[in-house]
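S.K.: I have a structure here, written as structure tokens, and I will follow up with some questions on it.
Read the figures in this text as sums done on the coordinates, not as results from a lab. In this text the structure is predicted, and so the values were computed from the model without any measurement. With ideal geometry, Cβ positions are generated from the backbone for all residues, glycine too; neighbour counts draw on all protein chains shown.
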Amino acid sequence: MAKLTVFFKYKEINSYLFENRVVHIGRDETNDVAIDSLAVAPAHAAIIIHNDASTIKQLNDSFPLIVNGQKIKETTLADKDTITIGKHDIVYNTTEAASFQQPEELVFEEGKHFDGDDDTQLQAASLQVLNGSNIGKILPLKKAMTRLGSSGNGVVVISKKRDGYFITSLENTGKITINNVALDNSYVKLNDNDTLAINNVSLQFFLH
């Protein structure tokens, strides 16, 4: 048996239990897991469940399928894998327990959209936690400004601009690095697969 738990902005929306079968996921209400969002294809993905060994396949090349932060066409799912479809996350479990929480090691805050920030054409981006108790978790960078860190341990802000994502430090204790290079008070543009470390918590920036 497999359990699929759908989350939106870290809040659980729905959960489903399936025995051996093909599970269809998409925007159309005829899907087994229907997600009402324009960021989701009418037929987005299919999961083939067979005796707790499940395979997920992308069904529409125009709508990315992301598993644990990586774009895929097809892959085998493992317990607690996170599937990202549009703006929603789905946690796959071979048991009935599922959780999706923000990292305890970091304070993650998103600001509001500000007038003048025209990021409608900007490619979507997220951070994936690479270590600690929340390894594998995805933090979408959806707002104009995202604050990461905690006072005394280092604080950074990631800003969405017309020409990309930029990071700067608000409080640098010497524990903040990008690709193992210390981040000073400069304004640095993030590139796909850059690795950010804040107080021993490592995160990977990726575009999708």
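S.K.: Less than 11 Å Cβ to Cβ from Ala34, Lys/Arg counted +1 and Asp/Glu -1: what total charge do the surrounding residues give?
M.R.: -3
S.K.: Direction-averaged shadow area of the convex hull around the Cα atoms of region 124-206, nm²?
M.R.: Computing the convex hull of the Cα atoms and averaging its projections yields 5.0 nm².
S.K.: Tell me, what is the FRET efficiency for Asn20 and Ala43 to the nearest 0.05, using R0 = 30 angstrom and their Cβ-Cβ distance as r?
M.R.: 0.90
S.K.: Right, next: What is the set of long-range amide H partners of Ser150 at a cut-off below 5 Å, with H atoms built 1.01 Å from backbone N?
M.R.: Correct list: Val107.
S.K.: Let me ask something additional. Please list 3J(HN,Hα) in residue order for region 28-41, calculated via the Karplus relation 6.51 cos²θ - 1.76 cosθ + 1.60 where θ = phi - 60°; whole Hz, with x for glycine and proline.
M.R.: With the stated coefficients, region 28-41 comes to 5, 5, 7, 5, 5, 10, 9, 10, 7, 7, 5, 7, 10, 5 Hz.
S.K.: Placing unit charges on C-beta atoms (Lys and Arg positive, Asp and Glu negative, everything else neutral), compute the dipole magnitude of region 146-202 about its Cα centre in debye, rounded to 20.
M.R.: Charge dipole, region 146-202, about its Cα centre: 180 debye, nearest 20.
S.K.: Compute the signed sum of charges (Lys and Arg +1, Asp and Glu -1) over the other residues within less than 13 Å, Cβ to Cβ, of Asp89. Display every interim value, and only then the final one.
M.R.: Details: positive: Lys9, Lys11, Lys80, Lys87, Lys137, Lys142; negative: Glu12, Asp81.
Overall, the nearby charge balance is +4.
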